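Student: Structure incoming, see below.
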Amino acid sequence: MKKVITYGTYDLLHHGHVALLKRAKALGDYLIVGVTADGFDKERGKLNVSQSLAERIENVRQTGIADQIIVEEYEGQKISDIQKYGVDIFTVGSDWVGKFDYLSEYCQVVYLPRTRGISSTVLRASAKPALKVGILGVDSMAERFFSEAKVVSGMEVTSVYDADPQKVTKFCRGKGGLERLESEQDIYAGCDAVFINTPADEHYQQILAAIEAGCHVICNPPMFLSREEANECYQKADEAGLVLFEGIKTLYFPAFEHMLLLVKSGLIGTVKDIDVSCSQIPEHMEQVVKNKYLGSLYDWGTTALLPIIKIYEAECLDSQLINFQTEDFSYFTRGLLRYQNATASIKVGKGMKVEGELIITGTKGYLYVPAPWWKTEYFEIRSEDLRNVKKYFYSYEGDGLRYMIYSFLNAINDPERGLQHTRAEVLRATAILEKFHQGGFTRIEM
Ligand code: CTP
């Protein structure tokens with residue numbers, strides 16, 4: 001019996017898929033179809049698949065063409081499937097020509113003609129008009145947001161505003177179709193969602209104005225500097241049925257998600273301490289120091305607090321913050337946080353550099369993420385026996401921002417799913433920033 005295997009996402013099954021499956025079946029006697037798992041699609045940067053794995057499997061099953069359906073969960077699984085199932089022919093559509101030649105070591109590789117004029121991407125795009133997103137505040141982050149948003153189907157960055165017209169002119173160069181608007185208000189009025197990319201002290205008013213205009217919000221962290229303001233904004237967003245999303249990109253990196261799962265599964269025992277550092281020496285420090293809201297804890301605090309907030313899932317009982325500063329710009333903040341039976345320490349720098357690593361200490365071992373941990377790709381679990389180090393690697397696509405943008409879009413399209421970064425978690429981090437913002441730290445002159 002000649003066994004054939006093929007793989008795909010099979011989202012919104014269309015006649016191109018059916019034709020491919022028929023051609024694949026005709027190559028042999030028994031057809032195995034591998035349907036990609038949700039997590040695997042996400043890891044390989046295929047975002048915005050509309051249907052769940054169960055629905056996609058059902059799509060394939062209903063064609064009646066497949067003799068066996070399996071789930072493709074990880075990079076490299078194809079070789080093991082070919083060996084495990086005794087496959088004679090591997091096949092996919094001609095859009096993949098050359099990509100799977102390496103499998104010819106294990107079986108015959110056949111690229112079948114792809115049906116023209118149809119794809120899941122086209123169907124997704126026609127199913128719903130793209131969400132119009134405006135960018136408020138132009139800098140390198142806005143550049144990255146713009147280019148990463150392009151790979152997330154279902155949304156489009158349509159307009160931009162910044163108080164500095166020169167910056168907007170530069171930003172719009174080479175970005176045909178992007179509309180430059182005259183005011184913040186125009187952004188809220190003309191878009192379905194806004195990316196608020198301004199210093200932290202401007203967020204509260206901008207969020208309120210966006211909600212007032214019926215705009216969903218994705219906001220650079222910290223979204224809020226006070227819990228009172230946060231609660232007010234959340235309440236107004238709820239009343240208006242809008243999403244308020246704090247855009248901490250690290251949270252959505254595949255490696256960070258896996259790391260949290262491993263810690264929660266008890267692999268390093270009970271977590272007793274978390275030590276986390278982040279810093280940056282910006283290119284134009286002389287410009288940065290002009291705005292205190294770009295200083296150490298304002299800029300990095302939310303990211304540094306992320307693993308602590310996510311792992312401890314509890315209120316911080318007590319915190320001590322020490323801040324190095326000149327006038328009111330903070331260059332470096334060191335914080336010691338006490339939780340119920342656990343501690344954490346943070347070091348954040350702007351214009352000062354520290355090793356940007358993350359160490360999560362448990363009763364059975366510790367998890368170590370090398371610098372820069374906030375762009376996590378790799379981490380290790382270490383224990384008493386240093387020869388016994390477990391290494392984990394999960395790559396990310398592009399700049400990594402796409403996972404966060406994708407999650408924002410999902411939060412809008414599927415409100416039932418709930419946010420990955422909950423309101424309670426945002427408020428816990430805000431409490432610490434609020435203390436800092438109100439001067440609750442020991443000051444050391446630079
Ligand atoms: N396929 C095909 N003809 C099409 C679309 C897909 O022959 N018009 C084939 C692909 O080459 C692949 C299989 O169907 O072998 C599953 O493809 P999948 O990536 O799930 O479908 P697409 O429609 O290409 O999805 P997307 O637009 O999301 O990339």
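Every number here is computed from the coordinates shown, using simple stated rules; none is lab data. Because the structure is predicted, anything quoted here is derived from the model rather than measured. In this analysis, Cβ positions are derived from the backbone assuming ideal geometry, glycine residues included, and neighbour counts consider all displayed protein chains.
Student: Pop a pseudo-label 7 angstrom from the Cα along the beta-carbon direction at both residue 420 and residue 186 and give the gap in nm to one decimal.
Tutor: 3.4
Student: My understanding is that a pair violates if its Cα-Cα distance is over 32 Å; which of 3/249; 46/170; 3/46 do that in this structure?
Tutor: From 3/249; 46/170; 3/46, over 32 Å: 3/249.
Student: Then there's this: Work through the residues other than residue 348 whose Cβ is under 12 Å from its Cβ and net out their charges, Lys, Arg +1 and Asp, Glu -1.
Tutor: Around residue 348, the surrounding residues sum to +3.
Student: Right, something else. Rounded to the nearest 20 debye, what is the charge dipole size of the range 116-180 about its Cα centre when +1 sits on each Lys and Arg Cβ and -1 on each Asp and Glu Cβ?
Tutor: Its charge dipole is roughly 300 debye.
Student: May I ask you to list the aspartates and glutamates whose Cα is less than 18 Å away from that of residue 390, ignoring any residue fewer than eight positions away on the same chain?
Tutor: Answer for residue 390, where 18 Å is the Cα cut-off: 257, 357, 377, 380, listed by chain and number.
Student: With axes computed from alpha carbons, what is the tilt in degrees of helix 296-312 against the longest principal axis of the chain, rounded to the nearest 10 within 0 to 90?
Tutor: It is inclined by approximately 60 degrees.
Student: Something else about it: Could you work out how much longer the chain between residue 383 and residue 445 gets when fully extended? Use 0.36 nm per residue separation minus the Cα distance between them, nm to one decimal.
Tutor: 18.4 nm
Student: Quick check for me: using +1 on Lys/Arg Cβ and -1 on Asp/Glu Cβ, what's the dipole size of the range 77-232 about its Cα centre, in debye to the nearest 20?
Tutor: Magnitude of the dipole: close to 920 debye.
Student: Helix 227-240 against the longest principal axis of the chain: what's the angle in degrees, Cα atoms only, rounded to the nearest 10?
Tutor: The two axes meet at around 40 degrees.
Student: Another question, then. Return, ordered by residue number, the residues of the range 69-96 whose backbone nitrogen is under 17 Å from a label point located 7 Å along Cα→Cβ of residue 122.
Tutor: Answer for the range 69-96: 93-96.
Student: Residue 55 to residue 85: extension gain in nm, 0.36 nm per residue of separation minus the Cα-Cα distance?
Tutor: Working it through step by step, the gained length comes to 8.4 nm.
Student: Going by a ≥ b ≥ c, the root eigenvalues of the Cα gyration tensor, does the range 268-393 fall in the rounded group (a/c under 1.5), the prolate group (a/b larger than b/c) or the oblate group?
Tutor: In terms of gyration-tensor shape, oblate.
Student: Zone of residue 62 (label point 7 Å along Cα→Cβ, backbone N under 18 Å): which residues in the range 11-53?
Tutor: Of the residues in the range 11-53, 11-22, 35-36, 50-53 have backbone N under 18 Å from the label point off residue 62.
Student: Another question, if that's okay. Taking the DSSP beta bridges in the range 215-364 as the whole, what percent of them are antiparallel, to the nearest 5?
Tutor: Of the beta bridges lying entirely in the range 215-364, close to 70 percent run antiparallel.
Student: Rounded to the nearest 5, what % of the DSSP beta bridges within the range 291-446 are antiparallel ones?
Tutor: 90
Student: With +1 on each Lys and Arg Cβ and -1 on each Asp and Glu Cβ, how big is the dipole of the chain about its Cα centre, in debye rounded to the nearest 20?
Tutor: Approximately 1320 debye in magnitude.
Student: Considering only DSSP beta bridges where both residues belong to the chain, give the percentage that are antiparallel (nearest 5).
Tutor: Percentage antiparallel, nearest 5: 40.
Student: If I stretch the segment between residue 364 and residue 173 completely, what's the gain in nm (0.36 nm per residue apart, minus their alpha carbon distance), one decimal?
Tutor: Gain on extension, residue 364 to residue 173, equals 63.4 nm.
Student: Here's another thing I want to ask about it. Place +1 on the Cβ of every Lys and Arg and -1 on the Cβ of every Asp and Glu in the chain, take the dipole about the Cα centre, and give the residue among 160, 83, 341 whose Cα lies farthest towards its positive end.
Tutor: It is 83.
Student: Turning to a different aspect of this structure: With a cut-off of 15 Å, note down the residues of the range 249-284 whose backbone N falls inside the zone around a label point 7 Å from the Cα of residue 357 toward its beta carbon.
Tutor: Within reach of a label on residue 357: 274-279.
Student: Would you mind checking the tilt of helix 401-413 against the longest principal axis of the Cα atoms of the chain, expressed as 0 to 90 degrees and rounded to 10?
Tutor: The angle comes out at about 80 degrees.
Student: Pull up the cross-link candidates among the lysines for residue 2, meaning alpha carbon to alpha carbon under 16 Å and not fewer than 8 places away within one chain.
Tutor: Qualifying lysines at Cα under 16 Å: 22, 25, 84.
Student: Using a cut-off of 15 Å between beta-carbons, work out the net charge of the residues near residue 48 (Lys and Arg +1, Asp and Glu -1, residue 48 not included).
Tutor: 0
Student: Within a Cβ distance under 15 Å of residue 443, other residues only, what is the Lys/Arg minus Asp/Glu net charge?
Tutor: Residues close to residue 443 contribute a combined charge of 0.
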